[in-house]
Amino acid sequence: MADVLTEEPKQQVSGGGETRKSSCLQEESEVLEENGHDAKRFKVDPEEQNKKYPKRKVVLLMAYSGKGYHGMQRNVGSSQYKTIEDELVQALVLSGCIPENHADEMKKMSFQRCARTDKGVSAAGQVVSLKVWLIDNIMEKINSRLPSHIRIIGLKRVTGRFNSKNSCDARTYSYTLPTFAFAHKDSDLQDDRFRLGQETLDKVNELLALYKGTHNFHNFTSQKGPWDPSAKRYIMEMHCETPFMQGGLELAVIKVKGQSFMMHQIRKMIGLVIAVVKGYAPPSIMQRSWREEKVDIPKAPGLGLVLERVHFEKYNRRFGNDGLHESLDWADEEDKIETFKKEHIYPTIIQTEIEEKSMESWLATLSIHDYDATSQEKTEVNHEVAMVHSDDGGDSD
């Protein structure tokens, strides 16, 4: 209750004084225009104009196709690399949800994303938290300012201290790939003619299951040494689903749920399993990758990676039924999420694979990795780098 009360806006008393003030500004503006000076600074401040709307902390459920973007997180001051947040912040300003001076300082609106998806990575269930003016038809107005491959699918009120990243218990990702990625390197079929058999699928799932639990994933990201505590991550579930045909390709979807993931971690987890299944690396490399020595691990393409869902179990138990806030489970939005995936995410993955052959090209590089190489010297260097350049251990994939 205290969080809600702190968000109540200050009431503005309007009367004759306000009318006289507005009239005075208008007259002054007209005089300046006659003298040839710019009168723009006398226009009504959007922040003043929108004070009639309550300013509240909300979460936005987002879906987007990440192709052509350099990830989710915005790089303020850099227009060279366009991100999903660039599009979102612009839409928030143009729709009147936030003042323009918040655009370059997102902390003013208490903005936080749940996961920093990497370059080219898509999302069906990204969640961001921020303070906005609750204008009429807010979702419709934001979406009208966004490209069709970025949508706000849901909006809910949350407590004033809610932080989408810190309040998140777990994240679920999917990775869609053509099944020929699992064809053994000595097989005659290394293209779309390959079909994934049950024996190979079982082997894939046996390897993926090894990731479950807490392991040291320093080899699955950059700038983290084996002594960095943030390199230890907890994986709750990881498996490959039954393959299916779409767009002329046999596809399979790998699902992984974990507390949090580091940059490139999921793509390297999948890349290592593919290297083992194809016969380039021995199964023993899995356990070896969690030890202190440096292991050369290939990184699968980012094209098929999708942030499926973020989980807020603890928040839901505490606030979901308090009568003031809604549970963040998004069950009512499932149909919209699936529709967006079918219209914007899956077609992009399939069409890009057919045109650019990103998986096929990447598979050709697996033979150049040295899966037996270990170097104590490299490990010591990495330890020094991790101590100097250690980050916050946040999510990226």
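Solvent-accessible area per residue for segment 122-227 at a 1.4 Å probe radius, Å²?
Values: 4220 Å² over 106 residues.
Per-residue value: 40 Å².
Starting from the Cα-Cα distance between K357 and A331, subtract it from 0.36 nm times their residue separation and give me the gain in nm to one decimal. Let's see the in-between values first.
Details: separation 26, 0.36 × 26 = 9.36 nm, distance 3.53 nm.
Roughly 5.8 nm would be gained on extension.
State whether segment 230-359 is rounded, prolate or oblate according to the following rule on the C-alpha gyration tensor (a ≥ b ≥ c being the square roots of its eigenvalues): a/c under 1.5 gives rounded; otherwise a/b larger than b/c gives prolate, and the remaining case gives oblate.
Working: a/c = 2.74, a/b = 1.27, b/c = 2.15.
Note, shape of segment 230-359 comes out oblate.
Just to make sure I understand: if all protein chains stay in place, what is the order of R161, R56 by accessible area at 1.4 Å, largest first?
Working: R161 190, R56 25 Å².
Largest accessible area first, the list is R161, R56.
Per-residue counts of other Cβ atoms within 10 Å, averaged by peptide: what ranking do you get for 338-345, 167-174, highest first?
Values: 338-345: 17.4, 167-174: 20.9.
Ranking, from highest mean packing down: 167-174, 338-345.
I'd like the carbon and sulfur percentage of the solvent accessible area for segment 133-280, probe radius 1.4 Å, heavy atoms only, ligands and nucleic acids excluded.
Working: 2670 of 5910 Å².
Reported share for carbon and sulfur atoms: 45 percent.
Between L155 and K255, what is the label-to-label distance in nm when each label sits 7 Å out along the Cα-to-Cβ direction?
It is 3.0 nm.
Using a basic spin-label model with each label point 7 Å from the Cα along Cα→Cβ, how many nm lie between V76 and M245?
5.2 nm
For R193, R157, what's the largest-to-smallest order of accessible area, 1.4 Å probe?
Numbers: R193 140, R157 70 Å².
Order by accessible area, largest first: R193, R157.
When the chain is fully extended, how far beyond the present Cα-Cα distance does D104 get from Q287, taking 0.36 nm per residue of separation?
Gain on extension, D104 to Q287, equals 61.4 nm.
What is the calculated FRET efficiency for D136 to D191, with r their C-beta to C-beta distance and R₀ = 41 Å, to the nearest 0.05?
Numbers: r = 53 Å, r/R0 = 1.30.
Once rounded, the FRET efficiency stands at 0.15.
The values are calculated or read from the model by the stated rules, or taken from the named source; none is laboratory data. These numbers come from a predicted model, not from an experiment. With ideal geometry, Cβ positions are generated from the backbone for all residues, glycine too; neighbour counts draw on all protein chains shown. Accessible surface is based on the protein model in full, side chains and every heavy atom, while ligands, DNA and RNA are left aside. Shrake-Rupley method; radii C 1.70, N 1.55, O 1.52, S 1.80 Å.
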